[in-house]
1. Tell me, in nm to one decimal, what length is gained between residue 113 and residue 162 on full extension, where the rule is 0.36 nm per residue of separation less the Cα-Cα distance?
2. Could you give the length gained on full extension between residue 26 and residue 51, defined as 0.36 nm per residue of separation minus the Cα-Cα distance, in nm?
3. Which residues among region 128-155 fall inside the zone where the amide N is under 15 Å from a point 7 Å beyond the Cα of residue 269, along Cα→Cβ?
4. Given the Cα-Cα distance of residue 38 and residue 219 and 0.36 nm per residue of separation, how much length would full extension add, in nm?
5. Let me see the pair-distance distribution of region 109-269: every alpha carbon pair, 5 Å bin width, integer percents in order.
6. Could you work out how far apart the two model spin labels at residue 201 and residue 144 are, taking each label as a point 7 Å from the Cα in the direction of the beta carbon, and quote it in nm?
7. Within region 190-215, name every residue whose backbone N is under 14 Å away from a label modeled 7 Å from Cα of residue 243 along the Cβ vector.
8. Take every Cα-Cα distance within region 215-270, group them into 10 Å bins from 0 onward, and report for each bin the whole-number percent of pairs it holds.
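Values in this text are rule-based calculations from the coordinates and carry no lab data. It should be emphasised that the depicted structure is a prediction, and the values quoted were computed from it without experimental measurement. Neighbour counts run over all protein chains shown; Cβ positions are idealised from the backbone, glycine included.
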């Protein structure tokens, strides 16, 4: 009778860790390949996509996007010490030194502060003029996101149902023009009416009345020294009220001309006077 063979214990494989290690190395290699592929973008395509998305989502306030320059193309991943602004040698810096100069360190903050000071100064001057002439209830200034709004009630400018500017209104607009002429901002003149219908040979509806009133004010502002490339006119009829049309007081507030001094960040939304085919330069404020 043959002897049974004793079962030998299975030897432990001491090299199994190599399998886990090789898997880890493979995954790390794939991870860094993906990172490397993501770090290479086309600067022009990226800028075009960014501008389109900004206009679509931001209501015409596109943000300026800057990419760091490198010999192999722009990179989305900044290396070295993080900074609030990426610098490019030769642009706002010493060509032998990549650190930004003091004048280019914080242009956005400086420009925003300067423009706020300018808008506040314009508002203060117009408010003082209105107070000195006792018209502070019919010539009102407010600061909005778009800029400074100088709202002039109909009674200061026009006869009821007319777009002809009165003699007194010309004097008021001349004083306002003197203040606005010094600033470089775009000025949009917006005409508004109440909801009472008008139907005459000259004004079939409130649209025509509001538009013609704003156009006549534009002509006065241009005559008083504001360059025409800064001016535009719009008419909203009765569709942009600031008060209820159920009362006479509310309708009086709605019959107005608004002079909108736009912040420079909205220059991209205004038609440019550049030659066709040129790309407009984004304003500094963002």
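1. Separation in residues times 0.36 nm, less the Cα-Cα distance, equals 13.5 nm.
2. On the way: separation 25, 0.36 × 25 = 9.00 nm, distance 3.83 nm.
Length difference between fully extended and current span is 5.2 nm.
3. Answer for region 128-155: 144-149.
4. Gain on stretching residue 38 to residue 219: 59.8 nm.
5. 2, 9, 19, 22, 21, 15, 8, 3, 1, 0, 0
6. Taking the simple label geometry, residue 201 and residue 144 are separated by 3.6 nm.
7. 193-195
8. Taking every Cα pair in region 215-270, the percentages come to 19, 40, 31, 11.
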